[in-house]
């Protein structure tokens with residue numbers, strides 16, 4: 001199994017308590033303030049941690065419930081932003097700002113699961 005994608009070890013350590021038995025982390029992406037998007041072997045986890053590193057909320061979406069996936073760019077204030085919006089029951093899950101490769105990595109990992117790619 002490949003090593004998980006993550007920005008820093010602290011993010012990876014924070015989410016380990018959220019894992020189900022037998023579940024593995026494939027990617028951890030920070031997308032806004034204290035919000036992180038976690039892609040596991042079983043589901044998408046959207047979590048927010050407080051400044052004290054306590055979990056404020058957790059939202060889980062099984063890959064089978066993902067209805068669509070959009071990856072788009074927009075130019076704002078002379079900067080290029082890449083927004084990855086992940087839909088489940090027609091609700092946006094998150095937007096990425098900054099490093100375009102992170103949104104692309106998350107998009108590709110989710111697409112792998114929803115298409116059932118080997």
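Just so it is clear, none of the values below were taken in a lab; they were calculated from the coordinates. Fair warning: this is a prediction, and the values are worked out from it, not measured in the lab. All Cβ positions, even for glycine, are placed from backbone atoms using ideal geometry, and neighbour counts span all protein chains on display.
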FRET efficiency for residue 9 and residue 111 from the Cβ-Cβ distance with R0 = 22 Å, rounded to 0.05, comes out at 0.25
Quick note on 58, 38, ordering by fewest other C-beta atoms within 10 Å, gives 58, 38
With 0.36 nm assigned to each residue of separation and the Cα-Cα distance removed, residue 104 to residue 41 gains 20.9 nm
When 28, 66 are ranked with the fewest other C-beta atoms within 10 Å first, the list becomes 66, 28
